[in-house]
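The values are calculated or read from the model by the stated rules, or taken from the named source; none is laboratory data. A quick note: this is a predicted structure, and the numbers were derived from the prediction, not measured. Reconstructed Cβ throughout: ideal geometry from the backbone, glycine too, with neighbour counts over all protein chains shown. What goes into the accessible areas is simple: the full protein's heavy atoms, side chains included, and nothing from ligands, DNA or RNA. Shrake-Rupley method; radii C 1.70, N 1.55, O 1.52, S 1.80 Å.
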Amino acid sequence: MKEINALALALEVEKAELRFYIEMAKRAKDERAKKMFLFLAGEEAEHWDVFEKKFVEKLLQKPEMPQVDEELLEKLTPKYEGELSEVKAVELGMEQEKLTWEFYEKAAEETEDENVRKIFNELAKVEKEHYELLKAQYDSVMKTGIWMDYQDFSLEVD
């Protein structure tokens, strides 16, 4: 996949994730879940900014209309309808984060630009951390694994 196309797709994925987490925060009854979803929405907004800057830079270097793989975008976009339990919302978030980090890892492998590769690799790590955060929330709600009352992992990327 061309870098410009991967960046365009990443922008669409981050926008979809931002909307998803805002909607889940609105629906969440548990205050900790609401805060977690809002935190994740903020993170996705930051990712969108990173990808937008690199996308515009690439577009200015070589003006060409990017082609977004609609089938892949459909696969990478969170799907939900009607009422969702907190558990289902967290499960969807976990699934979404896993798909996104895998896409970013693949995009990093395929890109030729070292700076773009670095962005995809860094954000793949962040998406993995988001998965871990959601998994911790899931464990908390299900009363298994680690609990959200303490942080057993870092959300910071090296």
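What do you reckon, is Ala45 free of Cβ contacts under 8 Å to residues at least 60 places away in the same chain, over 23 Å from Asn121 (Cβ atoms) and of a type in the set (A, V, I, L, M, F, W, C)? No: the conditions fail for Ala45. Give region 69-90 a look and list any residue that's within 17 Å of the chain's Cα centre (by Cα) and among the hydrophobic types (A, V, I, L, M, F, W, C), or say none. Of everything in region 69-90, those that are within 17 Å of the chain's Cα centre (by Cα) and among the hydrophobic types (A, V, I, L, M, F, W, C) turn out to be Leu72, Leu73, Leu76, Ala89, Val90. Within region 78-87, which residues are closer than 22 Å to Glu14 by Cβ and open to solvent by 40 Å² or more (accessible area, probe 1.4 Å)? Across region 78-87, the qualifying residues are Lys79, Tyr80, Glu81.
Take the conditions outside any helix (DSSP H, G or I), of a type outside the set (Phe, Trp, Tyr) and either at pLDDT 90 or above or open to solvent by less than 70 Å² (accessible area, probe 1.4 Å) (or both) and apply them to Thr144. Does it pass? Criteria met by Thr144.
If you go through region 92-111 and keep only what is surrounded by fewer than 15 Cβ atoms within 10 Å (Cβ to Cβ) and either touching an Asp or Glu at 6+ places or on another chain (Cβ under 7 Å) or within 30 Å of Met142 (Cα to Cα) (or both), you end up with Glu95, Glu102.
The residues in region 53-68 that are open to solvent by 70 Å² or more (accessible area, probe 1.4 Å) and either closer than 21 Å to Ala124 by Cβ or within 15 Å of the chain's Cα centre (by Cα) (or both) can be counted, and the count is 2.
For region 50-89, a residue qualifies if it is within 20 Å of Ile22 (Cα to Cα) and touching a residue at least 60 places away in the same chain (Cβ under 8 Å), and the qualifying residues are Val50, Phe51, Leu73, Leu76, Thr77, Pro78, Tyr80, Leu84, Ala89.
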